[in-house]
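Take a look at the structure set out below.
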Amino acid sequence: MKSKGKILVTGGSGFIGSHTSVELIQQGYEVVIIDNLSNSEAFIIDRIEQITGIRPKFYQFDLLDLGRLDGFFLENNDIAGVIHFAAAKAVGESVQIPLHYYRNNLLTMVNLLEVMVKYKIVNFVFSSSCTVYGQPDELPVTENAKVKPAVSPYGYTKQVNENILKDLIRSGANIKGIALRYFNPIGAHHSGLIGELPRGVPSNLMPFITQTVYGIREQLKVFGADYNTLDGSCIRDYIHVVDLAKAHIVAIERLIHGKNLSGYEMFNIGTGSGFSVFEVIKSFEKSTGQKINYKVVARRGGDIEQIWADTSKANNVLGWKAEKNLDEMTLSAWQWEQKYRVK
Ligand code: WQD
């Protein structure tokens, strides 16, 4: 059957990229992936094929290599749209090695957009983050909330990249862009064949929980229970990675079909509900029947107290809404961990 079009997914062997590639293929798109495998594994491409029955074309190179990138677009000049995930994404690590984050996250964005303009590839969806808000003054946070000074180089690269995209579009370049500001993606595809695969010690809550329960980590440390929240622990808007993946298909189709209301649009992609660390622990134990060994320790530097999304713009303008609940997120994360370790 003729595909609906060819979509480039940068970072497509990563956590959100692989889930988005699966959804794209299952919705009739041809997917081509560029990934340098700096924070993901090649076998994920096999898993995408296993789930969908179709193997995406995979190019292993770094978007910093402008020559390779130019050659890629010369060879693939029939691309209908680009979804750009490839970036370094660990908040704590970005504080330790800021130059790596600035070079990796900013120069890859400039390279990609420059070559897209050269080859007249117009439709661009960018992976942004709620990190740009810092601690919002009001909750739920809307897209009009002010963007505060970033608390990490990682968060700053997301703010700068949004402005790079806006400025390029404002310059009159033939590019249409949508930035999706993710909240906290967790969970995994129901097959258990793809999921979150952090290198080394996980910094994010969900993989640390699943690795602790599996016995790879000694104990989960809860970073602070003295916040000004219901139970003292931090609140986040956790969203199932499959719901997040689906938002990307809605966004790239909006651009392909010319439904965008302006050259640059931006949407909060969350569930609109906030859950505390203790509520996530409770959900995990209920959905999986597993006990989590944890202890409360001091707050983690850089953590904001609470954030959750106002999703009315994504629901009413973009036409997308998250469907999965927290128990589905925590159970699917555990099922992935179990299946991955047994492989
Ligand atoms: C969530 C909550 C921690 C680990 C970051 C980035 C964001 C996105 C997701 C990339 C916090 C607590 C965590 C642990 C804990 N990154 N926690 N023990 O920091 O909200 O968001 O990761 O796209 O852009 O900012 O996510 O999962 O690290 O933390 O108590 O071992 O869990 O304090 O309250 P975070 P997280």
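The values are calculated or read from the model by the stated rules, or taken from the named source; none is laboratory data. This is a predicted model, so every value here is computed, not measured. All Cβ positions, even for glycine, are placed from backbone atoms using ideal geometry, and neighbour counts span all protein chains on display. Ligands, DNA and RNA are excluded from the accessible area calculation, which covers all protein heavy atoms including side chains. Shrake-Rupley method; radii C 1.70, N 1.55, O 1.52, S 1.80 Å.
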With Tyr133, Tyr102 as the choices, which residue is open to solvent by 50 Å² or more (accessible area, probe 1.4 Å), of a type in the set (Ser, Thr, Tyr) and either touching a Phe, Trp or Tyr at 6+ places or on another chain (Cβ under 9 Å) or in contact (Cβ under 8 Å) with a residue 60 or more places away in the chain (or both)?
-> Tyr102
Within segment 161-173, identify whether any single residue is surrounded by fewer than 23 Cβ atoms within 10 Å (Cβ to Cβ), away from the ligand (no atom under 13 Å from the Cβ), under 22 Å from Gly274 (Cβ atoms) and not aromatic (Phe, Trp, Tyr), and answer yes or no.
-> no
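Of all the strands (runs of 3 or more DSSP E) wholly in segment 237-326, which have at least 1 residues that are closer than 21 Å to Glu143 by Cβ, in contact (Cβ under 8 Å) with a residue 60 or more places away in the chain and open to solvent by 20 Å² or more (accessible area, probe 1.4 Å)?
Details: elements: 238-240, 264-269, 294-297.
Here the list reads 264-269.
Quick check on Gly232: is it within 14 Å of the ligand (Cβ to nearest atom) and open to solvent by less than 20 Å² (accessible area, probe 1.4 Å)?
Values: within 14 Å of the ligand (Cβ to nearest atom): yes; open to solvent by less than 20 Å² (accessible area, probe 1.4 Å): yes.
Judged against the criteria, Gly232 is a match.
Does segment 37-53 include one or more residues that are touching a Pro at 6+ places or on another chain (Cβ under 9 Å), within 16 Å of the ligand (Cβ to nearest atom) and not in a helix (DSSP H, G or I)?
yes
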